[in-house]
Each structure stands twice: as structure tokens, then as C-alpha cells.
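**Q** Take this structure, written in C-alpha cells, and hold onto it; I'll ask about it next.
A short reminder: the numbers here are calculations on the coordinates, not readings from a lab. Bear in mind the structure is a predicted one, so any value in this text is a computation, not a measurement. Don't worry about glycine lacking a Cβ; one is built from the backbone with ideal geometry, like all the others, and counts go over all protein chains shown.
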Amino acid sequence: MATRKARVSSGYKTSDPDYDVFQNILYRMMNGEALTTICQEEDMPDYSVFINWTAQEPEWFKEYARARQIQADYYADSIVAIADTSNDPQKARNRMDARRWHASKLAPRKYGERITNEINAQLTTSVKVDLSNMTREARAELRKALMQQMGAPALLEGKVLK
């Protein structure tokens, strides 16, 4: 069983946010490094400390969100390079799938699955009209108009109307 080395605190747990360190982390993220990997380094703040920095400073959160979008683009762009340069197809497929998945989670609108819903519905209505009060001529005119509307020849008094 692998043992995990205890990490010595870098001092960022109680200190105020350090903008230079923050910018360095963003730069590395935009170049494809995982935030968890960066935060495991000795001279970097813990992951939770970094996330707290973004929560404390609204402008920093915007920069962090933008860095994540750029990181998604980086992962998507790297898929082509992996496909073009890899000698092991299975390893390349695994690496490309991992990057595709990660990009889809970081920028779902841009790289996520496109889900479309198609609804086919037919609406039928029926109308009851009381024709008992209509004259014979009015009923004939109504029948003629309805038959023309439906595109069928109307039969009225044994003659085909056009």
C-alpha cells in the first residue's frame, strides 16, 4: 500500500491572498496543468486555500473562470496534437478521451454533448355547429366553401361545382 507524504504547510493557510502566486497558478492552468497538481507543490497554496482566494475576491473569481475556459480550449487543441504524434493508438485514444471529457466539463456549452429534443405533435379539434336554423341555400354555400377549402369537388344537387 502506497504511503502518502505529509505536506508541509506553505504558510498560505493563514495569509492574505497573494496575487503573484494566484497569477502564476492561472498561467499554469491555462497551459494545461491541473489545479490539483499545482496545489500539491511545496511552494503553492493548498487547493482549498486557492479556492477560498477566489471566493474572497470577486475579480479573482472572474479571472479563475476565464482561466478554466482557456484550459478547456487547451485540452481540446491538444487532442489533435496527440492524434498526430502518438505511436500507440490505444494510449492516444485514452489521452484524447480524457481531454475531451475534461474540456466538456469545463466548457459544456462549447465542448459538451449536444442534446436536442424533438417533439412531433398533431393537434386535432372538432367544432359542433348547429345548422338547424340555417336556410337550405346557406347550408349549400357553407358546404361548397368547406369542400373548396379541403380541395375536394363539392357535390350539390347532383352537379360538380368548380
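**Q** Defining a contact as two alpha carbons under 8 Å apart and six or more residues distant in sequence, what relative contact order in percent does region 19-111 show? Write out the running numbers ahead of the final one.
**A** Values: 71 pairs, mean separation 22.9, N = 93.
So the answer I get is 25 percent.
**Q** Still on this structure, please answer the following. Can you work out ³J(HN,Hα) from phi for every residue in region 114-120, in order, using Karplus 6.51 cos²θ - 1.76 cosθ + 1.60 and θ = phi - 60°, giving whole Hz and x for Gly and Pro?
**A** Running phi through 6.51 cos²θ - 1.76 cosθ + 1.60 with θ = phi - 60° gives 8, 10, 10, 10, 10, 10, 10 Hz.
**Q** Compute the FRET efficiency between residue 20 and residue 68 as 1/(1 + (r/R0)^6), taking r as their Cβ-Cβ distance and R0 = 30 Å, and round to the nearest 0.05. Before the final figure, lay out each step's value.
**A** On the way: r = 20 Å, r/R0 = 0.66.
Between residue 20 and residue 68 the formula returns 0.90.
**Q** Run down the aspartates and glutamates and flag those whose C-alpha is under 16 Å from the C-alpha of residue 144, throwing out any fewer than 8 positions away in its chain.
**A** Output for residue 144: 157.
**Q** Restrict the search to region 87-137; then list the GluC sites (Glu not before Pro) that DSSP places in a loop and that have at most 12 other Cβ atoms within 10 Å of their Cβ. Mind dumping the intermediate values first?
**A** Working: sites: 113, 118, 137; in loops: 113, 118.
Those that pass, being in a loop and sparsely packed, are 113, 118.
**Q** Then there's this: For region 25-162, what is the convex hull (Cα atoms) projected area averaged across all directions, in square nanometres? Each step should come with its number before you reach the end.
**A** Numbers: hull surface 82.1 nm².
Spelled out: convex hull of the Cα atoms, projected over all directions, averaged, 20.5 nm².
**Q** Tell me the relative contact order for region 54-159 as a rounded percent, counting alpha carbon contacts under 8 Å between residues six or more apart. Show your work: numbers first, answer last.
**A** Values: 51 pairs, mean separation 17.6, N = 106.
It rounds to 17 percent for region 54-159.
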